[in-house]
1. Grab the Cα-Cα distance for ALA24 and ALA141, subtract it from 0.36 nm times how many residues apart they are, and report the gain in nm with one decimal.
2. In what sequence, highest mean first, do 16-24, 159-167 appear when ranked by Cβ atoms within 10 angstrom?
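Each reported figure results from applying straightforward, stated rules to the coordinates on display, with no laboratory input. Keep in mind the model is a prediction, meaning the values are calculated, not measured. Cβ atoms come from the backbone with ideal geometry, glycine included; neighbour counts cover every protein chain shown.
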Amino acid sequence: MTEESQSPYAERNATIVYYHDQGATFHDLAKRLGISRAREEQIYKQEKRKATFGQDKPDNHIAHLGLSSRAYNALWRAGIETVEDLADFLTTSQAPDGRNFIRNFGELARRECAQALNHHGVMRKDETEIFYPTYAYLPEAEWNRCMAYWGYKCVCCGRAYSPDRPLVQDHWLPKSSVVFGGSEPDNIIPLCAVCNTSKSGEDPLTWFVKQLGHRRGLRRVAEILAYFELYWRTQEKGEE
């Protein structure tokens, strides 16, 4: 949605807040604006919450960064409350309690946070650029372990590895996704070149079901998630 298409709603919402604060009733304004009374009351409450949001928080609280509700709520649930916590998370992909359950925060969300830190003068632009997720590949040793787990075959079609038809590292959650998982072992699977090109930036669950059918596709997805879970457990044991 463009800024121009949002401005009429911004004006309408500001009008609702202004006249209600002056003593107008929901009934009077609802008829004039052509919306339901319930919708008008909802807008008024939302706008009042926005106006007071973060006022009781310290200056370094992330509530003052103007993040989207999706990004803010994800960070808040992970215990990330200050700009220092946020910078640490974007650098290490770990929440303050040491867990990394929101490490796949998504490229757009990470970029939004980095831009907010820059816009509010918390960090310079060149300092926040390192927070953007990188699109890379596994080192050779980890890639060989990954291929060995899957029997040196394409996870989708089963085509075996050969020197003239090597397997490629496919990003399970693609870079185009808002939840891009980076280039870690829990976001890389082996696919042949044909399947890799076909999958491209498509949602992995949808793509596997389209390729293998409903039941086989879901089973294969479950097996891939089990493989990722095995990696997570290994990592957690190493952190203990």
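1. Details: separation 117, 0.36 × 117 = 42.12 nm, distance 6.93 nm.
Extending this stretch completely gives an extra 35.2 nm.
2. 16-24, 159-167
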